[in-house]
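So the structure is just underneath, and the comments pick up after that.
The values are calculated or read from the model by the stated rules, or taken from the named source; none is laboratory data. Source: prediction; values computed, not measured. With ideal geometry, Cβ positions are generated from the backbone for all residues, glycine too; neighbour counts draw on all protein chains shown. Heads up: the accessible areas ignore ligands, DNA and RNA and are worked out on the full protein's heavy atoms, side chains in. Shrake-Rupley method; radii C 1.70, N 1.55, O 1.52, S 1.80 Å.
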Amino acid sequence: MSEWALFDQLTGLLNRRAFLHRAEQEYRSAKRYETTFGVVVLDLDYFKNINDQHGHMAGDAILKDFGDLVLEQIRQSDISGRIGGEEFAFILPNTTLAQSQVFAEKLLQAVADRQVMIDGQTINYTASIGITVSFPENDFKIHNLIHHADQALYKAKSAGRNCYKVAENLL
């Protein structure tokens, strides 16, 4: 039962509530030990179109495939969760902006390389990513950090999708 309360059943990642709880714990730890951590928000591109063109079972298959991909790609210390329909977030402990950007680049490439077979048809998908980093000297709360990363995500979508952008509070 505790697994049902913490994890998204489709992707195997933390659900929104559990993710935010773990993110808050990491925030407090980083403040205490004066370390940085990356905050990454990701949205699967054109997900509604996948559902509309191929059906919700295809959308579910894409979400499950992405969850599997994430679990293959992240470090054990990273925190990952499904925070909305096709929106995901990551907390990358002890990670700089440059390291967060490398994470984003690798994740984008891994997603672009994926193919999901649905009823004999191959479906490819991509993602857009927004990044911010928490520094010990800033006082942004976890919700503010996620908001900054989410704003950068919308810039990535506006820039043509299948890319990442860094939050303006870091530039």
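How many percent of DSSP beta bridges within the stretch 49-171 run antiparallel, rounded to 5?
Antiparallel bridges make up about 70 percent of those DSSP assigns within the stretch 49-171.
3J(HN,Hα) along the stretch 19-27: 4, 5, 5, 5, 5, 5, 5, 5, 4 Hz, from the Karplus curve 6.51 cos²θ - 1.76 cosθ + 1.60 with θ = phi - 60°, whole Hz, x for Gly and Pro. With protein chains left intact and a 1.4 Å probe, residues in the stretch 1-45 average 57 Å² of accessible area per residue. Just round it to a whole percent: the fraction of Cα-Cα distances in the stretch 31-98 exceeding 20 Å. Everything past 20 Å amounts to 38 percent.
Among 158-166, 13-21, what's the highest-first ranking by average C-beta atoms within 10 angstrom per residue? Working shown, then result.
Working: 158-166: 16.3, 13-21: 18.3.
Result, highest mean first: 13-21, 158-166.
Around the amide H of residue 118, modelled in the peptide plane, lie the amide H atoms of 123, all under 5 Å away and 5 or more residues distant in sequence or on another chain. Amide H contacts for residue 7 (H built 1.01 Å from N in the peptide plane; partners 5 or more residues away or on another chain; cut-off under 5 Å): 15. Extension gain for residue 94-residue 53 works out to 10.7 nm (0.36 nm per residue, less the C-alpha to C-alpha distance).
Annotation: lysines with alpha-carbon distance below 16 angstrom to residue 155 (same-chain offsets under eight excluded): 165.
The tail of the calculated P(r) for the chain, taken as Cα-Cα distances beyond 20 Å, holds 49 percent of the pairs.
Of 47, 63, 21, which is farthest along the charge dipole of the stretch 1-64 in the positive direction, counting Lys and Arg as +1 and Asp and Glu as -1 at C-beta? Final value for the positive-end residue is 21. Using a simple spin-label model with points 7 Å from Cα along the Cα→Cβ vector, what separation in nm is obtained for residue 72 and residue 46? Spacing of the two 7 Å Cα→Cβ label points: 2.2 nm.
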